[in-house]
Amino acid sequence: MSLPWAYCTAVCILICAAGYTFAKQRAKAPLPPGPARLPILGNALNVPFEFQWLKFTEWAGIYGEIFSLSVLGHSILVLNSVNAIEELFEKRSALYADRPHIPLAGEMVGFSSIPVLERYGRRHREGRKLILNSLDHHNQTDIHRIQRNKAALMLSKLVSNPKDRRSHSRWFIAAVVFQLTHGQQIEHVDHIFVKLAERFNKDFSHMVRPGRFLVDNIPILQYLPSWLPGMGFKSLAKECREQFLRLCNEPYAYVKDQVANGTALPSLAARLIEENTNPTPEEEWFYKTTVMQFYAGTLISTVSSIESFVLIMSLYPEIQQKAQAELDCVVGPGRLPDFSDGAYLPYLDAVLKEVYRWNPVLPISVPHRVMQDDVYNGFHIPIGATVIANSWHVACFPNVGTLADVELRAVLHDPLLYPDPFQVIPERYLNQEGGLNPDPQKFAFGYGRRVCPGRVLAEDSIFIFVACVLATLDISKAVGPDGLPIESGVQYTGGTVSHPGPFQCTIKPRSAESVCLIQSAAMHVDYMN
């Protein structure tokens, strides 16, 4: 036998032996531990529809950094540690980049055609690339100008009508994003495009929760007649699909008409239409759904964080005062903060990190799907399993004391990573004896190949909002709907996307000079940019 043939034969034998050994070890590896299961149903009755991260955290205290559930024979694994998340979602990202099959939200409503829920593949990668290219450094100057202009107008709205704070926050984000995506000037939050986007966010949060609908576990139900008992999900899916199609079609058609008439302002949608004047139906649907995620996803990720910031400032006046003192020193009088100031505002950056940690928009990650059998720390992760990261947001709930005896291991509230995890402490990210706490922003926008492609836009929008508000306004006296002072927090919503509940606070200018600055900045805004 010649040397090359002998060499190839030896290599093949070694590869086969290694594969056999790995397969044998994988076959022997057990599933991660988890709560007791019923026959057939598994843990279907154990997982709550609301605030799932709290139950997951309780189980993490019992079963460790990774535990498994079973719902009608389908495996669900929950990751509760930084090590597990980084090893699986980051280092093995190619195996965990897929999304699970979600019949109701995905196929019946149509959310599986947008990048956030799309199965991993060429179309998903192209959608992410399109979004990332539109936000690259070549476009930053124009994007920052739009964000500064909208921030100046937002300050004017807050001074004129501070009681409508939440509406002003929603307007600010919508105005920034819709100008970038469609060249549309949004004057108020009652604009039909904003209403459609917010309806999508509500439907998405309601429908994507694991185990929320029986049809997601028994897909054949979607083919049964609508008149049968228990088929109410079909009416819900039909209504949501109609709204989803309107959100994809109507803003895009608006820009298409403007391009045809020669009146379109620069935007992502206009560029796509102009670059491909005769797209196929598949190409046009790809453009519509990708652009739609751009603005709908950014609305999700920013409004909730801004509301958490306002709540934190009203509850922690000493933090507000420290951030304002830093801004006064760096920015000085006579102008509003700008993006170039960010590098000189370490305390403000630390405040923003606590905003992301205290209440991340996605307390549990949008589920991933493992694309082949895997082994982690001696545990078998079966192909097709749903894998969820329990990032978890602040336990800002009246009854959170029920978990007081549980050894918490949810990532953003792990006391080993973040001492006093339920307190807002910006200093934990600054130079301090004993080392720095991890940057929570890497846990707030998704993981691996599914990290939010609009992250930079969201972070910059939040930064300019927070910096401009703190430089010119004071926030104080948070009260709940009953008018009583809020001492520790408010109830957050319990869906896939978590928002703070209603509260009011006092917002007023820091000085007469602040009023003049706000008025001057608003007067000099170029409404076309």
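The values are calculated or read from the model by the stated rules, or taken from the named source; none is laboratory data. All values derive from a computational prediction rather than experimental measurement. Methodologically, a virtual Cβ is constructed for each residue, glycine included, from the backbone with ideal geometry; neighbour enumeration extends over all protein chains shown.
Filter segment 235-282 for residues that are small (Gly, Ala, Ser) and surrounded by 14 or more Cβ atoms within 10 Å (Cβ to Cβ); which is nearest to Phe200 (Cα to Cα)?
So the residue we want is Ala237.
If I ask for residues that are buried (at least 19 other Cβ atoms within 10 Å of the Cβ) and at pLDDT below 90, which ones from segment 132-147 would you list? Quick ask: steps written out before the conclusion?
Narrowing segment 132-147 to residues buried (at least 19 other Cβ atoms within 10 Å of the Cβ): 134-135, 143, 147.
Result: Ser134, Leu135.
For the condition in a helix (DSSP H, G or I) and more than 25 Å from Gln140 (Cβ to Cβ), what is the one hit in Glu282, Glu274? It would help to see each step written out before you state the result.
Details: Glu274 fails: more than 25 Å from Gln140 (Cβ to Cβ).
Selected residue: Glu282, the only one of Glu282, Glu274 that is in a helix (DSSP H, G or I) and more than 25 Å from Gln140 (Cβ to Cβ).
Taking segment 158-185 only, how many residues are of a type in the set (Val, Ile, Thr) and over 19 Å from the mean Cα position of the chain (by Cα)?
1
Select from segment 295-342 the residues that are aromatic (Phe, Trp, Tyr) and either at pLDDT below 90 or crowded, with 22+ Cβ neighbours inside 10 Å (or both) and write down the one among them that is nearest to the chain's Cα centre (by Cα).
Ranking the qualifying residues of segment 295-342, first place goes to Tyr295.
Going by the structure shown, is Phe111 in contact with a strand residue (DSSP E or B) (Cβ under 9 Å, 6 or more places away or on another chain), touching a residue at least 12 places away in the same chain (Cβ under 8 Å) and either surrounded by 16 or more Cβ atoms within 10 Å (Cβ to Cβ) or over 17 Å from Asn377 (Cα atoms) (or both)?
no
Among residues belonging to segment 156-167 that are over 13 Å from Asp190 (Cβ atoms) and in contact (Cβ under 8 Å) with a residue 12 or more places away in the chain, point out the one that is surrounded by the fewest Cβ atoms within 10 Å (Cβ to Cβ).
Among residues in segment 156-167 that are over 13 Å from Asp190 (Cβ atoms) and in contact (Cβ under 8 Å) with a residue 12 or more places away in the chain, the one surrounded by the fewest Cβ atoms within 10 Å (Cβ to Cβ) is Lys163.
Given Ser75, Ser93, Ser112, which one is more than 23 Å from the chain's Cα centre (by Cα) and either charged (D, E, K, R) or at pLDDT 90 or above (or both)? Steps first, please.
Working: Ser93 fails: more than 23 Å from the chain's Cα centre (by Cα); Ser112 fails: more than 23 Å from the chain's Cα centre (by Cα).
Step by step, each of Ser75, Ser93, Ser112 is checked, and only Ser75 is more than 23 Å from the chain's Cα centre (by Cα) and either charged (D, E, K, R) or at pLDDT 90 or above (or both).
Would you mind finding the one in Phe193, Phe204, Phe200 that is in a helix (DSSP H, G or I), within 29 Å of Leu473 (Cβ to Cβ) and aromatic (Phe, Trp, Tyr)?
Phe193
Suppose we keep only residues that are touching a residue at least 60 places away in the same chain (Cβ under 8 Å) and not in a helix (DSSP H, G or I) within segment 209-242. Which one would you say is farthest from Ser365 (Cα to Cα)?
Filtering first and then ranking leaves Ile218.
Which condition number does Val78 fail, the rest of (1) over 30 Å from Lys195 (Cβ atoms); (2) surrounded by fewer than 23 Cβ atoms within 10 Å (Cβ to Cβ); (3) touching a strand residue (DSSP E or B) at 6+ places or on another chain (Cβ under 6 Å) being met?
Among (1) over 30 Å from Lys195 (Cβ atoms); (2) surrounded by fewer than 23 Cβ atoms within 10 Å (Cβ to Cβ); (3) touching a strand residue (DSSP E or B) at 6+ places or on another chain (Cβ under 6 Å), the lone unmet condition for Val78 is (2).
Got a number for residues in segment 463-489 being surrounded by fewer than 21 Cβ atoms within 10 Å (Cβ to Cβ) and under 25 Å from the mean Cα position of the chain (by Cα)?
Residues that pass the stated criteria total 2.
Going by the structure shown, is Asp439 surrounded by fewer than 23 Cβ atoms within 10 Å (Cβ to Cβ) and over 21 Å from the mean Cα position of the chain (by Cα)?
no
Would you mention how many residues in segment 411-460 are of a type in the set (Gly, Ala, Ser), out of contact with any Phe, Trp or Tyr (no Cβ under 6 Å at 6 or more places or on another chain) and on the phi > 0 side of the Ramachandran plot?
Qualifying residue count, segment 411-460: 3.
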